[in-house]
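Written below as structure tokens is the structure these notes are about.
The values are calculated or read from the model by the stated rules, or taken from the named source; none is laboratory data. The shown structure was predicted, so the numbers you read here are calculated from the model rather than taken from an experiment. As a convention, Cβ positions derive from the backbone with ideal geometry for all residues, glycine included, and neighbour counts pool all protein chains shown. To get the accessible areas, we keep the full protein, side chains included, count just its heavy atoms, and leave off ligands, DNA and RNA. Shrake-Rupley method; radii C 1.70, N 1.55, O 1.52, S 1.80 Å.
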Amino acid sequence: MGLNEGKFPKISKVTGIYTTREKEIIYRQGVNFGSSIFEMEKEKIRFILSIASSKEGLFLSYRTSGEDGSYISKSQFLDEVIYKLGLQKSLEERKVRTMRDRFKLNKIYSREELIKKILHYKG
């Protein structure tokens, strides 16, 4: 799914034609243009509904680096799922495996990778 902060949840900033002061006056009259907290709660509900609609299984993923190699963090929603399910310890024990590691062939994770490494040196 690409559960990275800034990508999911993605909160659009509505600027509109009103100034901050005008928005405050209108808000006091009972009209809410949608605060960032309100928008975040809507995104959270969508996320929960997406999880709940899974039938047989669910894979949640995120990237550790951007296209330019810069670090990007996982979504706060994913952190909350990990916390609620008590998965912190089991995830800390796992070795993090990146796509970059897959192409180095200096670490062997499976029998197939061992064969590829041996063939790579011979061929």
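So TYR27 fits all but one of (1) touching a Phe, Trp or Tyr at 6+ places or on another chain (Cβ under 9 Å); (2) at pLDDT 85 or above; (3) part of a helix (DSSP H, G or I); what number is the exception?
For TYR27, the exception is condition (2).
Given (1) at pLDDT 80 or above; (2) in a helix (DSSP H, G or I); (3) open to solvent by 60 Å² or more (accessible area, probe 1.4 Å); (4) not β-branched (Val, Ile, Thr), where does PHE47 come up short, assuming only one miss?
All conditions are met except number (3).
Got a sec? Which of PHE103, PHE77 is modelled with pLDDT under 70 and either in a helix (DSSP H, G or I) or of a type in the set (Asp, Glu) (or both)?
PHE103
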